[in-house]
Structure formats: C-alpha cells, structure tokens
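Input: a single structure, listed below in structure tokens.
The values are calculated or read from the model by the stated rules, or taken from the named source; none is laboratory data. Being a predicted model, the structure only gives us computed values, none of them experimental. All Cβ positions, glycine included, derive from the backbone under ideal geometry; neighbour counts span all protein chains shown. SASA here: full protein model, heavy atoms, side chains in, ligands and nucleic acids out. Shrake-Rupley method; radii C 1.70, N 1.55, O 1.52, S 1.80 Å.
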Amino acid sequence: MRLPRTLAGLTAAVLCLTACGGTPGGTSAAATPQFVTPAAESSPETLVATLPSSAAAPSASAKPSPTPSKSATTAVKVKYVFPVKASNVAFHPTHSKYPATDIFADCGETVVATTSGVVLEVSLKDLYVEGSPDGPNNGGMSVSLLGDDGVRYYGSHLSKVNTNIKAGVRVTAGQQLGKVGKTGNSSGVCHLHYGISPPCAKVGDWKVRRGVVWPATFLTSWRKSGQKSPVATVKSWKSAHNCKA
C-alpha cells in the first residue's frame with residue numbers, strides 16, 4: 001500500500017521403532033490409540049493464510065491512496081491431505097525423544113505433499129551409518145516442504161524421491177513426492193517418518209525439521225478429509241522456543 005506524498009514520513013501393524021522414535025506398544029489401524037494431545041489449537045475448516053504486506057498501515061490522519069497497490073495483502077486458500085496414499089496404513093500417535101509420527105505402510109506406497117508449497121530440502125542418498133549418533137542423516141532419503149500456510153512438513157525413510165522433486169520446485173496438495181521406504185535409521189521397517197515444524201532456518205536445522213509438534217491430531221483429521229490446521233500450534237511453539245529444539 002502506498003502512502004500519500006503529502007504526508008511523507010508517516011507510515012505452521014504396527015512395530016515399536018526405538019531407532020526412529022516409535023514408542024513401546026505400537027498401535028494398529030484396528031486399535032484405539034491413546035493420543036497425546038498437544039496444546040490447544042483451533043482453526044477454521046478451510047484455512048485462509050494471510051501473506052504479509054510489505055508496507056505498514058497508515059495513521060488515522062493519512063488520506064487513502066487513490067490507486068491501491070497490487071502488493072496489498074492477499075488471501076491464499078490452503079488444502080490439506082493425508083501424506084500417504086495407501087489402503088493399508090496406520091500411524092503412531094506419539095514418538096520417542098521428540099514430537100513426530102511414524103506412518104506405517106508397505107514399501108513402495110505413494111507419499112504426497114500435505115499441502116501446496118515449495119520444496120525446501122531433498123535428500124537423494126542414504127548416508128546413514130548404523131550406530132552413528134542422531135544427526136541429519138537419520139532420515140535417509142527425504143523431502144521437506146514449506147507449505148503456503150507457513151508450516152514446514154518433513155517426510156523421511158523414503159525408498160525413492162520423484163525426479164521432478166527438487167529444492168525450489170512448487171508442488172500442490174496431493175502431488176506425489178516419492179515412495180515409502182526404510183532408508184536411514186528406520187529399524188528396517190517400511191514407514192514414513194513425518195514431522196511438522198516452523199521453517200526457522202529453512203534448511204540445515206535438522207533438529208527442528210524432524211518435528212516439534214505432535215502431528216497425530218492433524219493426521220486423523222486429514223485422513224477423514226478434514227482440514228484441521230497446525231498453523232496456530234506451530235506458531236505457539238516457535239514463540240515459546242525461539243526455534244530451539
């Protein structure tokens with residue numbers, strides 16, 4: 001928005017995986033898991049994420065601009081989908097060491113983008129060495145995505161990443177990213193490690209990227225075609241932790 005010249009100067013199955021982070025007593029699709037509910041979060045069924053304007057709001061005394069700038073705030077509708085397309089799939093409601101989720105499905109099942117956004121990081125090689133300390137190679141082959149809602153979504157242990165999925169590429173909700181696998185520190189079990197976090201440093205901050213808020217309640221919604229948003233929960237975590245995991 002442009003300020004008047006006259007007032008210049010104004011102005012987010014199943015096995016126990018101790019290595020990846022599965023908790024004792026894994027759950028199956030038929031079981032009723034005990035969910036660990038994160039801090040209260042609320043969001044509309046259809047999220048409208050607001051992109052910030054580059055200009056500050058004018059004072060009460062400022063005259064309205066005769067021709068509004070196209071850079072003014074724009075509303076973007078965001079759609080959410082479950083990240084694994086498979087008929088036989090289950091997931092842990094909790095995770096060891098840090099908040100995340102292990103989504104169990106057969107190796108080779110399709111992994112898709114949770115929402116529309118831009119790819120941040122892609123790992124095309126499994127560089128994990130068994131027994132090594134926790135680090136960025138734990139995930140094996142992986143993809144992280146910055147959603148249009150401002151939230152980062154991370155999936156790892158993939159067996160394959162699609163050739164068109166590269167850093168900087170734009171994707172849409174439900175677009176195929178790769179295939180379920182067991183690369184990295186997966187205990188040899190086919191599954192998708194799934195983490196939700198704020199982008200923080202965007203790349204390289206693996207401790208945040210692997211997950212900082214519990215995804216289970218959102219996954220439950222998306223699996224039923226719901227649109228529960230993690231934006232408020234992620235924003236709250238970032239405010240409380242200043243991106244320190």
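Summing +1 for each Lys or Arg and -1 for each Asp or Glu, what net charge is found among the other residues whose Cβ lies under 11 Å from the Cβ of His157?
Details: positive: Lys179, Lys182; negative: Asp102, Asp126.
With Lys, Arg at +1 and Asp, Glu at -1, the neighbours total 0.
If you take the alpha carbon atoms of the stretch 112-245 and fit the smallest convex hull around them, that volume is 100 Å³ per residue.
Excluding ligands, DNA and RNA, the accessible surface per residue across the stretch 93-245 is 40 Å² with a 1.4 Å probe. Of the residues Arg223, Arg210, Arg152, ranked by 1.4 Å probe accessible area with the largest first, the sequence reads Arg223, Arg210, Arg152. With the simple model of a label 7 Å out from the Cα in the direction of the Cβ, Thr220 to Gln176 spans 3.2 nm.
Using a 1.4 Å probe on the protein heavy atoms, what percent of the accessible area of the stretch 118-227 belongs to carbon and sulfur?
C and S fraction of accessible area: 54 percent.
Close amide H contacts of Ala173 (hydrogens built in the peptide plane, cut-off under 5 Å, sequence separation of 5 or more or a different chain): Ser116. The phi torsions of the stretch 226-232, fed into the Karplus equation with coefficients 6.51, -1.76 and 1.60 and a -60° offset, translate into couplings of x, 10, 5, 9, x, 4, 5 Hz, rounded to whole numbers, with Gly and Pro shown as x.
For the stretch 98-111, backbone phi angles converted through the Karplus equation (6.51, -1.76, 1.60; θ = phi - 60°) give residue-by-residue couplings of 7, x, 6, 8, 9, 9, 8, 7, 5, 4, x, 5, 7, 9 Hz, Gly and Pro being listed as x. Per residue, the convex hull spanned by the alpha carbons of the stretch 106-181 comes to 83 Å³.
Listed by chain and number, the lysines whose C-alpha is less than 18 Å from the C-alpha of Lys85, apart from same-chain residues fewer than 8 away, are Lys160, Lys179, Lys182, Lys224. Let me know the whole percent of all Cα-Cα pairs from the stretch 162-234 that are separated by more than 16 Å. Cα-Cα pairs in the stretch 162-234 separated by more than 16 Å: 65 percent. Amide hydrogen proximity for Val84: with H placed 1.01 Å from N in the peptide plane, the residues at 5 or more positions away or on another chain lying under 5 Å are Val112.
Each residue of the stretch 175-181 is assigned a 3J(HN,Hα), and the resulting list reads 6, 5, 9, x, 10, 4, x Hz, derived from the Karplus form 6.51 cos²θ - 1.76 cosθ + 1.60 (θ = phi - 60°), x at Gly and Pro. Taking Lys and Arg as +1 and Asp and Glu as -1, the other residues whose beta-carbon sits under 12 Å from that of Gly181 total 0.
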